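Since the structure comes first, as structure tokens, the remarks are kept for the end.
Every number in this text was worked out from the coordinates using simple rules, so none of it is lab data. What you are looking at is a predicted structure, and each value in this text was computed from that prediction instead of being measured. Note that we place each Cβ from the backbone using ideal geometry, even for glycine, and neighbour counts take in every protein chain shown.
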Amino acid sequence: MTSTAAARPTSPRRFAELQRLAGLIQIAALRSLKVRYRGSAVGILWSFSNPLLMTLMYTVVFGTAFLQYFDHSIVRYLVYVFVGLSVVTFFLNATSEALLTVVTNGALLNKIALPPAVFPLASVAANLFQQLCTMFPVVFIISIVVTHDPVHVLLVPVVLAGFALLTTGFALALAALYVFFRDISYIWGVGSFMLWMTSPLFYPAQVAPERVRVWFHFNPVGIELSALREVALGTGPLDWGLVGTAALTGIVACFLGGAIFAQTRRGFMDLL
Amino acid sequence: MQPAISLSGVTLVRRTQEELHYDLKRSVMNALRFRARKVKRATVITGLDVTIEHGEKVGVIGPNGSGKSTLLKLIAGVLQPTRGSVAVEGSLSPLIEIGVGFEPELTLVDNILFYGVLLGHDEAVVRAHVDSILDFAELTEIREQPTKTLSSGMSARLGFAIATEFRPDILLLDEVLAVGDERFRRKCAARIERFWDAHSTIVLVSHDLSYVVRTCDRVIWLDCGRVRFDGGPVLAVQSYLDTVPTSVDIRSGADLIALAASAPSPIVVRGSSKADDEITIFLVRNGYRWRIAPDGEYRRIAVIWENVLVVSDSVIEQVPEGDVII
């Protein structure tokens, strides 16, 4: 029996609901991957091209300018940028895609009783899957080659998981807000650019003025980014504090995003 | 045994449509000027108590905006009641209506799989039904084409085929017979007919009052979100029609054809002159449907109510006012 506004679900039903949610996310993520790579067997490899091209551009344009911060090694700069781009492009792609999903699936939500969180979560899952097939293994290998330290290497997935949680939080919050404020898509265009520029992505953190550098500690993307570089590229003693902060940031962001989504969810259907 | 559907004390308050164009920029500006706009809300459904037993076929009628589709959405669990509770026992069909929400870039087969899983079926089960769905929708040859290549009629056919394939216990139909061309419409009707035989619970929203009377054993007449009448179909439709003062002056066959094309519900004819086009009119008189034949004779036909049908040429005699429904 399905009942709404009735008694609170008991835990076995809760579990069944979660199972259904997972199944729905899977099929919705597959759907978006299929749309993206329809008709091209090597489609997923294309997702390499964008970050590789950008890494190359940054290296060509800024490589020599920042060389002194990388022991005069262009390869180090290249790896530095590539590792950063691998996660930041994931974050930006997933969030800007997820933002639209509740609204664009409004017709379906008006026809079948579905948990609306399926759609933003599926966007994150699809993008995560794509990165797991392409960029993340490369980051993993880079980490092995650069650090030679099993602790570092094993922490790479942990930090990546933190990044995925952060992305999930943003995806949920943005998708929910977009239902109410349809200009969020433009605002997020600017907002994500600001996150992009204020993260030490293609420049070393040291070149930023002191006042700006304080912001790095509050920019969630920047925190995750620094932590990833710490575990993947750091050769000195591990900065556990940074890794812990990054993990905590991910969990808190995910929780907050989920809370925003859950709080506003009741109002969705009137606006779809 | 639990009833199939039971709504108790259901009230639904929704934001009104003018709130749709809402953006952050404006909200912030208003907040800065201490002019926070209060969200406008309207009560769409008021204190609805409805119980529908297993196997009942219920028609829902009423004017536009009376809450008919909203009632279906509440039953489907798409909308949550503001107050009161909705309990449903058994598997539900999706709301069957026009505009289905397919992913345009995916192939028909992929869309069927996606839709089937959303409905709560296992992917393997859905896969086993793909051929039969495509066969019913008559789209087998283009199964691997992207769904965006379908015409709106074709995608409505596909939507209907998917929704009815899995034999839900409870079928929610929203103006479903407005789908597809005449031939496919009959095919849909035939398939729904089988649900009628199969002890499924059916809730049907329709403006086709003749269809409602013919097929339902109970009719709920909604007016402004309240139940105005709940009971036998003939009485329900009659009392509903009494409140609808539709009168049309028909001077030519062309008028009638135009009327037939636009009419959502039966029309009372106050009188008509010699028709100059090919026309057959069905009269309803004394509870029977009569056909005015070309020679002007009345012929009794078994079905009681019917909407306008325009077929062959005929001369329409002067008919007493208010006596005729076509």
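Each listed q (0.09, 0.14 Å⁻¹) maps to a log10 I(q)/I(0) for segment B:50-190 from the Debye sum over equal C-alpha point scatterers, namely -0.29, -0.70.
The protection proxy used here, the mean number of other Cβ atoms lying within 10 Å of each residue, ranks peptides B:164-173, A:199-208 as follows, highest first: B:164-173, A:199-208.
Run the numbers for residue A:22 and residue A:62: contour at 0.36 nm per residue of separation, minus the present Cα-Cα distance, in nm.
Working: separation 40, 0.36 × 40 = 14.40 nm, distance 4.33 nm.
That pair, residue A:22 and residue A:62, stretches by 10.1 nm at full extension.
Summing Cβ point charges (Lys, Arg +1; Asp, Glu -1) relative to the Cα centre of segment A:135-272 gives a dipole of roughly 280 debye.
Compute the acute angle (0 to 90°) between the alpha-carbon long axis of helix A:74-104 and the principal axis of greatest extent of the alpha-carbon atoms of chain A; round to the nearest 10°. That helix lies at roughly 10 degrees to the long axis.
Kindly state, to the nearest 0.05, the FRET efficiency for residue B:54 paired with residue A:144, given R0 = 56 Å and r defined as their beta-carbon distance. Intermediate values should be presented prior to the final figure.
Details: r = 63 Å, r/R0 = 1.12.
FRET efficiency, residue B:54 to residue A:144: 0.35.
Pulled fully out, how much extra length does the chain show between residue B:197 and residue B:142, if you take 0.36 nm times their separation in residues and subtract their Cα-Cα distance? Spell out each step's value before the answer.
On the way: separation 55, 0.36 × 55 = 19.80 nm, distance 3.22 nm.
Between residue B:197 and residue B:142, full extension yields an extra 16.6 nm.
How crowded by other chains is B:220-232, given as the mean number of beta carbons from other chains within 10 Å of each beta carbon?
Mean number of neighbouring Cβ atoms from other chains: 0.
Calculated FRET efficiency, residue A:75 and residue A:104, Cβ-Cβ r, R0 45 Å, to nearest 0.05? Rounded to the nearest 0.05, the efficiency is 0.60. With just the Cα atoms defining each centre, how far is segment B:138-194 from segment A:128-154? Give it in Å. Here the two parts' Cα centres lie 49 Å apart.
Note on residue A:13 and residue B:224: the model spin-label points, each 7 Å out from Cα along the C-beta direction, lie 3.6 nm apart. In this structure, the pairs whose alpha-carbon distance is over 32 Å, taken from B:40/B:187; A:34/B:73; A:34/B:68; B:25/B:148; A:111/B:57; B:73/B:187, are B:40/B:187; A:34/B:68; B:25/B:148.
Within 10 Å of the Cβ of each residue in A:20-31, the mean number of Cβ atoms contributed by other protein chains is 3.
In peptide A:100-109, what is the residue-averaged number of other protein chain Cβ atoms found within 10 Å of each Cβ?
Details: counts 0, 0, 0, 0, 2, 3, 1, 4, 9, 2.
Mean number of neighbouring Cβ atoms from other chains: 2.
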